[in-house]
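Reviewing the structure listed below.
The values are calculated or read from the model by the stated rules, or taken from the named source; none is laboratory data. Note that the structure is a prediction, hence the values are computed from the model and not measured. Note that each Cβ is placed from the backbone with ideal geometry, even for glycine, and that neighbours are counted across all protein chains shown. Side chains are part of the model used for accessible areas, which takes the heavy atoms of the whole protein and leaves out ligands, DNA and RNA. Shrake-Rupley method; radii C 1.70, N 1.55, O 1.52, S 1.80 Å.
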Amino acid sequence: MPAPPIRAIALSDLAATARLAETVARSLHPGDAILLEGPLGAGKTAFARALLRAVTGDPALEVPSPTFTLVQTYETRVGPIHHFDLWRLSGPAALAELGWDDATADIVLVEWADRLGALRPAGALTVRLDTGEGDARTAILSGWADRLEVPA
Ligand SMILES: Nc1ncnc2c1ncn2[C@@H]1O[C@H](COP(=O)(O)OP(=O)(O)OP(=O)(O)O)[C@@H](O)[C@H]1O
Ligand SMILES: [Mg+2]
């Protein structure tokens with residue numbers, strides 16, 4: 001099996017991260033999964049916020065980190081988007097209780113997606129964010145090779 005295509009993108013500041021999220025937002029359809037990975041403070045929530053603002057058309061939309069509720073659902077132009085934060089997930093049974101199966105019929109946007117284990121959806125776009133100097137971040141994209149036009 002060939003290795004999945006990987007693209008690395010330099011994000012010089014928060015606006016660059018938001019632009020990448022807006023590019024992803026333009027390509028979203030029901031059934032899609034966006035998996036966000038990377039350490040604390042890497043920008044996973046910032047990415048999710050920019051994406052949700054783009055697909056709701058509301059630049060002031062409040063997008064808190066769903067650290068305690070674990071999931072927050074937004075009605076958007078492309079249908080419901082379920083924003084998960086799995087940092088506190090206790091295991092796969094807890095994910096089932098949160099309605100994971102039904103959510104994947106809509107769009108899921110998942111922080112700490114590495115916690116999904118075997119439940120990781122096939123065909124997902126994975127965005128791995130890492131910190132650098134100051135506001136610099138890097139994004140490593142895997143998946144959606146034919147779907148996203150992103151600058152290298
Ligand atoms: N290029 C950038 N991209 C994203 N966030 C940035 C960037 N530069 C600075 N920031 C800041 O870094 C912080 C990222 O925090 P954020 O909550 O999005 O991280 P996170 O990955 O969701 O962390 P956690 O794992 O704790 O949920 C924010 O304060 C944001 O303003
Ligand atoms: Mg977060």
query: Looking only at the range 1-56, which residues are of a type outside the set (A, V, I, L, M, F, W, C) and under 17 Å from Q72 (Cβ atoms)?
result: K44, T45, R49, R53, T56
message: If I ask for residues that are near ligand 2 (Cβ under 9 Å from one of its atoms) and either closer than 19 Å to G123 by Cβ or surrounded by 23 or more Cβ atoms within 10 Å (Cβ to Cβ) (or both), which ones from the range 20-46 would you list?
response: L36, G43, K44
Complete set of residues in the range 122-152 that are hydrophobic (A, V, I, L, M, F, W, C), closer than 19 Å to V108 by Cβ and surrounded by 12 or more Cβ atoms within 10 Å (Cβ to Cβ): A124, L125, V127, L129, A139, L141, W144, L148
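Taking the conditions exactly as written (within 16 Å of ligand 2 (Cβ to nearest atom) and either modelled with pLDDT under 95 or of a type in the set (K, R) (or both)), does T17 satisfy them or not? Show your work before the answer.
Numbers: within 16 Å of ligand 2 (Cβ to nearest atom): yes; either modelled with pLDDT under 95 or of a type in the set (K, R) (or both): no.
When the stated conditions are applied, T17 does not pass them.
Tell me, yes or no, whether the range 56-63 has at least one residue that is within 12 Å of ligand 2 (Cβ to nearest atom) and either at pLDDT 95 or above or in contact with a Cys (Cβ under 8 Å, 6 or more places away or on another chain) (or both).
yes
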task: Sort out for me the helices (runs of 4 or more DSSP H) sitting completely within the range 4-103 that have 2 or more residues that are away from ligand 1 (no atom under 16 Å from the Cβ).
output: 44-56, 92-97, 100-103
query: In the range 102-115, what count of residues is obtained for those that are open to solvent by 60 Å² or more (accessible area, probe 1.4 Å) and acidic (D, E)?
result: 2
Options A60, A118, A10: the member that is more than 19 Å from L129 (Cβ to Cβ), open to solvent by 70 Å² or more (accessible area, probe 1.4 Å) and either touching a residue at least 12 places away in the same chain (Cβ under 8 Å) or touching a helix residue (DSSP H, G or I) at 6+ places or on another chain (Cβ under 6 Å) (or both): A118
field: Search result, residues across the range 64-98 that are away from ligand 2 (no atom under 15 Å from the Cβ) and surrounded by fewer than 13 Cβ atoms within 10 Å (Cβ to Cβ)
entry: E75, R77, S90, G91, A93, A96, E97
